[in-house]
Amino acid sequence: MARIGIFIDGMGGSIPAPFREKIVSVIRGLPEIAFSVEEENLASPGALQRMAEHLKAEEVDRAVILGGSPKLYETSFNKFGYPVLLNPYLLTVANLKEQTLQAVANEEEAVEKARKMMIKAIHLASSSGPIESRSLPLTPQTLVIGGGITGIAIALALARSGIQVYLLEKGKHLGGKALELRRFYNRPEEVQKWVEEKVSEISRNSRITVISETELKRLDGHLGRFQATVRKANGTEAVLSPSAIVVATGYEVERNRKGIYGHRSFISFAEMETLLAENEIPSLLRNGKRVESVAFLLGEVNGDVKIDSINAVKQSLLLQEAFQCQTVILCKDLKVSSDGMERLYRRARERGALFIKFEEPPKLSIVNGQIQVDVKDTSAIRKEDEWPLSILSDLIVLSDALIPNPETENLCRILGLHRGNRGFFMEDNPQLLRVRSNRRGIFVAGGCRFPQEVSETLNEAGATAQEVIALLSGGIYPYDLSVAEVDPEKCAVCLTCPRLCPHSAITVEKYAEKNIYITPGIGEGVKWGAARVDPVACYGCGICVGECPAKAITLRHQPDELIYAQMNLSD
Amino acid sequence: MTVAKELAQSGVSALLIERDPSLGGLAASFCCKASESCNKCFACVADKRVLEIRNGPSISILTQTELTGLKGGPGAYNVSLKNGKGRMDIDVSAIVIAAGVDPFDASLKAEYGYGRYKNVITARDLDEMLRLRGKLFCPSDGRLPKTVAFFQCVGSRDESIGNLYCSQVCCAYALRLIKAIRYQYPETKAAFLYMDIQPAGASFDQFLNSCRQDKGIRLIRSLPSKVYHSPLSDGLRVRFVDPLKGEVAEEPFDLIVLSVGLVLRKDSKSLARLFNLNFNEEGFFAPPPAQTGVFITGACSGPKDIDRSIIHAKSIACTVQQYLKGRS
């Protein structure tokens, strides 16, 4: 038998006295009730103090609040401190104000509904058990996968905050895609120099260990206790044990050079960038031939990416100003939603760049060995003024599709992460924060989540670093055991739950001796373990509980009996 | 708010000063723009953040408080504050300015008739209508509009009013509003008049495609030149170039929504004077040198949506911590 203390909250008159009297008379007839107290405003520091004293004096082991929304009491507990000696899971709230008084017009019905709700709340209180809190020590060590600008920026920010960083890079050098760029659109410095500076800062920092020509092969464990197996190009393996992991593996460019696109006039943005850097002002030469006109064709492959527009306007300006080239930019929508881009766009137009915004993609054909671009000019007001335009230019810069790295799929499998739109790494609930992944302790940032412009990526890197610092700076991760738990005796190792778990919190381990099968045919001594939920990694969503065919999984804070108790189905 | 919360989480004591009576700023005044599923407008995130901050134990908050003076130098500033209760001076090591933005004053674009015609409203007004009144209606007579036109780039990308920048948020904002309206009121048709569709992002392509597929939404690349108003019927006619017909067209609409851009708050001038801040070409705050210990974050450093403001704020929180670490 539980001893339950009841607190009736008048909520400053929202639950009127006559109604409360009726409630009290209902309570009198119920078992297990130690006492009931009325308060005018329970969510105030004084009332909470009295509540604590009552609970102590009466030696009750459960408490029920009849009043407003549970959120309200949570807020006041946060504000004034949790006054109750009881475990928080032994306190139940019935929202009489919103769910009876405001929901039901007829007073008699309201009292009846309140009675039912109270009985449920009391059932719930008497059948709940305490849930203990734990904390996990965290060592300040992080693994950053990917040595592009995102990885570099994150590693530096973490190291400056006293966190040990392993920076994993599959190639020989750090820098990634940024090395294909020569100039920023919005900063005066050269990209290469800027990257070199950052890389040399990394090499001078004793907290950062750069592991190049190495890839992640295997990942075990969860937040705080990851075990990452990495393999070098020469085949040697090592195991790292970081507390948190940041994935910043960037994106890849997919070139379509089939058919007409194989023509020598087509080049990519990166090739144009190199061309601009290698040539001496004032004449631009390619394969010994002077380039006088350049067209930029921004296809629909990257309709949701801003980078191409920015690069096109930036390169076009350089071509016009330094090399006296005539430029044409053909696009569907010109993305200028980056700081300073509208001004750049304006400048390019003033210098004579032509912008053609098409609804239907332009037609390409080969005329006298040159590529001709046919497009309708949509800038004319009247239909009859709409001339078809044919553009013959020496070079055509083509936007290539930005796609996820080919190893993204494999990495997802190793890391237990999800892939989202177009196959990039998916952030967790985008409303929480876009750099968090579906697994606690693993973050995704930069181009591997979505290709962005450099300054935006750097902001994202800073935010990711901040997330990691916030997670690790306390030295511990506090959590309570309101999570799913597998009964190893019931578990049939069917592997349903590890596949379903959206947070990759379930693994099959041999941790219970009781569940050992010996299957005929595959030899004796082959042992199975059982599924195990890691309490730190578990979000307590309950999907595995619902799906487990053997009903071997329970939510510790919300077991079936508790749900039945609330539904009055317990007997 | 985000900076304060992040710093507090890492053990830096933070003082949050807000001039208005409530936290949240512009972001907290938006309505949810979900249709059948969430359209990621982040309005609820702002509300959640206010709750987190209010309930969080370790941040001191002063609302209805203004900054009146600044003394001292980098690393050891002394700020003077003034509120209803009186004045106070507080020593701080670093200052983060997140003064935010205002929506553009649409009455400056006189040809659209905002402020003169009742049924010309801003996207912000529409948002408020949906949030506070819970329904869509024409302000003139309260009936449900059958046709709504959204004008983009009102106060952005416009040299005539001196705002030569893209406000970066209004396309997505308007499209989400259209989506939400189309979901709630399927009989209402919407037209979206634009220059370029700007937003980019992981899920934007899908979102835009779903808008394109919706027969009740017309995306028209054309900025209207003028709104005509009939005083008798309160009807509105819009003059614009119709790219499909290839001619100048006039079309009646029941309601016109102006997608207003973002501008720095008017009172930011005094802040700039106080902190000796420079403005960038676009008229927003330029970040001061790192060693001054003054940091700029959020939309007052350049137009940003809620999501990117939060990312920027977290990133700045990281920089602030490094600054403080470097000094101690």
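Values quoted throughout were computed directly from the atomic coordinates according to the rules given, and no laboratory measurement underlies them. Just so you know, these numbers come straight off a predicted model, no measurement behind them. Here Cβ is always computed from backbone atoms with ideal geometry, including for glycine, and neighbour counts include all displayed protein chains.
Compute log10 of I(q)/I(0) for the protein assembly as shown with the Debye formula, placing one identical point scatterer on every Cα and leaving out solvent, at q = 0.07, 0.09 Å⁻¹, to two decimals. Values returned for q = 0.07, 0.09 Å⁻¹ are -0.70, -1.13. Antiparallel beta bridges, as assigned by DSSP with both residues in the protein assembly as shown, represent about 50 percent of the total such bridges. The mean sequence separation of alpha-carbon pairs under 8 Å and at least six residues apart, normalised by the residue count of segment B:103-262, gives a relative contact order of 33 percent.
Charged side chains reduced to their Cβ positions (Lys and Arg at +1, Asp and Glu at -1) give chain A a dipole of some 1080 debye around its Cα centre. Electrostatic tally near B:Thr65: other residues with Cβ closer than 12 Å to its Cβ, Lys and Arg +1, Asp and Glu -1, net +1. The eigenvalues of the Cα gyration tensor, multiplied by 5 and square-rooted, give segment B:149-280 an equivalent ellipsoid with semi-axes of 30, 20, 15 Å from largest to smallest.
Here the extension length gained between A:Asp560 and A:Ser283 equals 92.0 nm, from 0.36 nm per residue of separation less the Cα-Cα distance. Around the Cα centre of segment B:43-123, unit charges on the Cβ atoms of Lys, Arg, Asp and Glu (plus for the first two, minus for the last two) sum to a dipole of about 200 debye. The slack between A:Glu180 and A:Val104, meaning 0.36 nm per residue of separation minus the straight C-alpha distance, is 20.7 nm. Computed from the Cβ-Cβ distance with R0 of 22 Å, the FRET efficiency linking B:Glu281 to B:Ser107 stands at 0.30. In debye to the nearest 20, how big a dipole does segment B:1-149 give about its Cα centre with +1 on each Lys and Arg Cβ and -1 on each Asp and Glu Cβ? It comes to approximately 400 debye. Unpaired cysteine residues in chain A (no second Cys Cβ under 4.7 Å): A:Cys325, A:Cys331, A:Cys412, A:Cys448, A:Cys491, A:Cys494, A:Cys501, A:Cys538, A:Cys541, A:Cys548. Note on A:Lys22: aspartates and glutamates with a C-alpha under 18 Å away, same-chain residues under 8 apart excluded, are A:Asp9, A:Glu38, A:Glu39, A:Glu40, A:Glu98, A:Glu107, A:Glu108, A:Glu109, A:Glu112. If R0 is 30 Å, what FRET efficiency do you get for B:Leu144 and A:Asn78 from their C-beta distance, rounded to 0.05? Plugging the Cβ-Cβ distance into 1/(1 + (r/R0)^6) gives 0.10.
Going from the fewest other Cβ atoms within 10 Å to the most, the residues A:Ile208, A:Ile381, A:Ile403 appear in the order A:Ile381, A:Ile403, A:Ile208.
Would you be so kind as to identify which of B:Phe240, A:Ala17, B:Ala180 lies farthest towards the positive end of the dipole of the protein assembly as shown, taking Lys and Arg as +1 and Asp and Glu as -1 on Cβ and the Cα centre as origin? Comparing the listed Cα positions along the dipole, B:Phe240 ranks first. Summarising the strand pairing of chain B, around 55 percent of its internal DSSP beta bridges are antiparallel. With axes computed from alpha carbons, what is the tilt in degrees of helix A:107-127 against the longest principal axis of chain A, rounded to the nearest 10 within 0 to 90? That works out to roughly 90 degrees. In plain terms, the bigger the Kirkwood radius, the slower the diffusion; for segment A:256-399, with that radius from Cα pairs, at 25 °C and 0.890 mPa s, Stokes-Einstein puts D at 157 µm²/s. One Cα centroid belongs to segment A:119-181, the other to segment A:8-22; the line between them spans 48 Å. Residues B:Ser10, B:Ser93, B:Ser225, ranked from the fewest to the most other C-beta atoms within 10 Å, line up as B:Ser225, B:Ser93, B:Ser10. Projected onto its three principal axes, the C-alpha set of segment A:4-131 covers 38, 29, 23 Å, listed from the longest axis down. The mean number of Cβ atoms from other chains found within 10 Å of a Cβ in peptide A:67-77 is 1, as a whole number. Near the amide H of B:Leu70, within less than 5 Å, lie the amide hydrogens of B:Ser80, all on another chain or at least 5 residues away, with H placed in the peptide plane. Of the beta bridges in segment B:103-262, as assigned by DSSP with both residues counted there, near 40 percent are antiparallel. Taking a Cβ cut-off of under 12 Å around B:Pro103, the surrounding Lys, Arg, Asp and Glu residues balance to a net charge of -2, with basic ones at +1 and acidic ones at -1. Placing unit charges on each Cβ (+1 for Lys and Arg, -1 for Asp and Glu) gives the protein assembly as shown a dipole about its Cα centre, and among A:Leu500, A:Ala248, A:Ser126 the Cα reaching farthest toward its positive end belongs to A:Ala248. Normalised by the number of residues in segment A:256-399, the mean separation of alpha-carbon contacts (under 8 Å, six or more apart) gives a relative contact order of 30 percent. Cross-link pairs exceeding 32 Å in C-alpha to C-alpha distance, out of A:Lys383/B:Lys109; A:Lys357/B:Lys314; A:Lys116/B:Lys135, comprise A:Lys357/B:Lys314; A:Lys116/B:Lys135. Helix A:341-350 versus the longest principal axis of chain A: what angle, 0 to 90°, nearest 10, using Cα atoms? Orientation of helix A:341-350: about 20 degrees from the principal axis.
Placing unit charges on each Cβ (+1 for Lys and Arg, -1 for Asp and Glu) gives chain A a dipole about its Cα centre, and among A:Ile469, A:Ala233, A:Val486 the Cα reaching farthest toward its positive end belongs to A:Ala233.
Against chain A, whose longest principal axis comes from its Cα atoms, helix A:149-160 is set at around 50 degrees. If you wrap the Cα atoms of chain B in a convex hull and average its projected area over all directions, you get 18.3 nm². Do the alpha carbons of any pairs in B:Lys82/B:Lys266; B:Lys33/B:Lys118; B:Lys146/B:Lys215; A:Lys71/B:Lys179 sit beyond 22 Å of each other, and which pairs? Flagged as over cut-off: B:Lys33/B:Lys118; A:Lys71/B:Lys179. Under 27 Å of direct C-alpha separation, and excluding same-chain neighbours fewer than eight residues apart, A:Lys217 reaches these lysines: A:Lys170, A:Lys172, A:Lys177, A:Lys232, A:Lys510, A:Lys527. Computing FRET efficiency as 1/(1 + (r/R0)^6) for B:Glu159 and A:Glu409, where r is the C-beta to C-beta distance and R0 is 41 Å, gives about 0.30. Sorted fewest first by neighbouring Cβ atoms within 10 angstrom, A:Cys497, A:Cys491 come out as A:Cys491, A:Cys497. Where in chain B are the DSSP H helices whose alpha-carbon span along the long axis reaches 24 Å or more and whose Kyte-Doolittle mean is at least -0.5? In chain B, the long hydrophobic H runs are B:306-327. Computed on chain B, with alpha-carbon pairs under 8 angstrom and 6+ residues apart, the relative contact order is 21 percent.
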